[in-house]
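*Asks:* Take a look at this one; I'll ask things after.
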Amino acid sequence: MGATGEQPTLLVIAGPNGSGKSTLRRWLEAQGIALPDHIDPDEIASGLDGDDARRTREAQRIADERRARFVSEARSFSFETVLSHPSKIAFMREAQAAGYYIILYYVAIADPLVNVARVADRVAKGGHDVPEEKIRARYQRSMSLLAEAARAADRVYVFDNSGCGGERRLCVAIEEGRLPTLEPNQPGWVRKFLIEPLTTEAAP
């Protein structure tokens, strides 16, 4: 517990490369949904020396250390992740076992080609690059882990960011353990990677 004795909170802002995680974080901050301690490996990497691969590895190591330290201090914090590896879900479960209340914000795009294009646009504006093959591979892995990540969270909010104007849409909100409902206007990826796995698992 923190100094106030309140339950610590962990906000996980996740989604494939180029989906709009950092933009979503800024939007959450504007809504008053933010924590003072935020961990973003991309921001860490931007302050390091060396080639891209070396900076990425070192930034991930630093991010891992910070997450572990914050949990040991029962400090509320948030972090961004592509969620392309089960280790991030394992960390969420460890934090939950340590007493954290976990909120997952997941944002994605229906077509990975759009992710590739948005990363290219980001690079043209001076942002960090991600090789196309990694964007595609991480996209599939991240999507396939969404339902499992949702099971490891206390609350889940899933956004679709496929719109041409970059306007995200809240598609699913899972609160107090309620299962999501299948709605006709939900994107196919939300149905395939979140709703169907969760509802199938819960079926008698």
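*Asks:* If I go through the range 152-190 residue by residue, how many of them are free of Cβ contacts under 8 Å to residues at least 40 places away in the same chain and either within 16 Å of residue 19 (Cα to Cα) or buried (at least 18 other Cβ atoms within 10 Å of the Cβ) (or both)? Before the answer, list the steps.
*Replies:* Quick first cut of the range 152-190, residues free of Cβ contacts under 8 Å to residues at least 40 places away in the same chain only: 163-165, 167, 169-186, 190.
Applying the additional criterion that residues be either within 16 Å of residue 19 (Cα to Cα) or buried (at least 18 other Cβ atoms within 10 Å of the Cβ) (or both) yields 163-165, 167, 169-172, 174, 180, 186, 190.
Number satisfying all stated conditions: 12.
*Asks:* So, in the range 23-51, of the ones that are of a type in the set (Gly, Ala, Ser) and either farther than 22 Å from residue 68 by Cα or free of Cβ contacts under 8 Å to residues at least 24 places away in the same chain (or both), which residue ends up surrounded by the fewest Cβ atoms within 10 Å (Cβ to Cβ)? Break it down stepwise before answering.
*Replies:* Step one: of the range 23-51, the residues of a type in the set (Gly, Ala, Ser) are 30, 32, 34, 45-47, 50.
From the residues that got through so far, the ones that are either farther than 22 Å from residue 68 by Cα or free of Cβ contacts under 8 Å to residues at least 24 places away in the same chain (or both) too are 30, 32, 47, 50.
Working: 30: 9, 32: 6, 47: 9, 50: 11.
Among those that are of a type in the set (Gly, Ala, Ser) and either farther than 22 Å from residue 68 by Cα or free of Cβ contacts under 8 Å to residues at least 24 places away in the same chain (or both), it is 32.
*Asks:* What number goes with the only condition from (1) part of a loop (DSSP other than H, G, I, E, B); (2) modelled with pLDDT under 95; (3) not charged (D, E, K, R) that residue 56 does not pass?
*Replies:* All conditions pass for residue 56, except number (1).
*Asks:* Looking only at the range 80-117, how many residues end up being within 20 Å of residue 170 (Cα to Cα) and of a type outside the set (Ser, Thr, Tyr)?
*Replies:* Going through the range 80-117, the residues within 20 Å of residue 170 (Cα to Cα) turn out to be 80-83, 102-112, 114-115.
Next, from what is left, pick out any that are of a type outside the set (Ser, Thr, Tyr): 80, 82-83, 102-104, 107-112, 114-115.
Result for the range 80-117: 14.
*Asks:* A further question follows. Just for the range 1-45: of the residues that are small (Gly, Ala, Ser) and closer than 17 Å to residue 82 by Cα, which one is modelled with the lowest pLDDT?
*Replies:* Restricting attention to the range 1-45, the residues satisfying the condition of being small (Gly, Ala, Ser) are 2-3, 5, 14-15, 18-20, 22, 30, 32, 34, 45.
So of that shortlist, the ones also closer than 17 Å to residue 82 by Cα come out as 14-15, 18-20, 22, 45.
Working: 14: 98, 15: 97, 18: 91, 19: 93, 20: 92, 22: 89, 45: 86.
Step by step, filter the range 1-45, then rank; the result is 45.
*Asks:* Suppose the filter is in contact with a His (Cβ under 7 Å, 6 or more places away or on another chain) and either surrounded by fewer than 18 Cβ atoms within 10 Å (Cβ to Cβ) or modelled with pLDDT of 90 or more (or both); does residue 78 pass it? Steps first, please.
*Replies:* Details: in contact with a His (Cβ under 7 Å, 6 or more places away or on another chain): yes; either surrounded by fewer than 18 Cβ atoms within 10 Å (Cβ to Cβ) or modelled with pLDDT of 90 or more (or both): yes.
Judged against the criteria, residue 78 is a match.
*Asks:* Given (1) buried (at least 18 other Cβ atoms within 10 Å of the Cβ); (2) farther than 23 Å from residue 33 by Cβ, where does residue 63 come up short, assuming only one miss?
*Replies:* The one condition residue 63 does not meet is (2).
The values are calculated or read from the model by the stated rules, or taken from the named source; none is laboratory data. Note that the structure is a prediction, hence the values are computed from the model and not measured. All Cβ positions, even for glycine, are placed from backbone atoms using ideal geometry, and neighbour counts span all protein chains on display.
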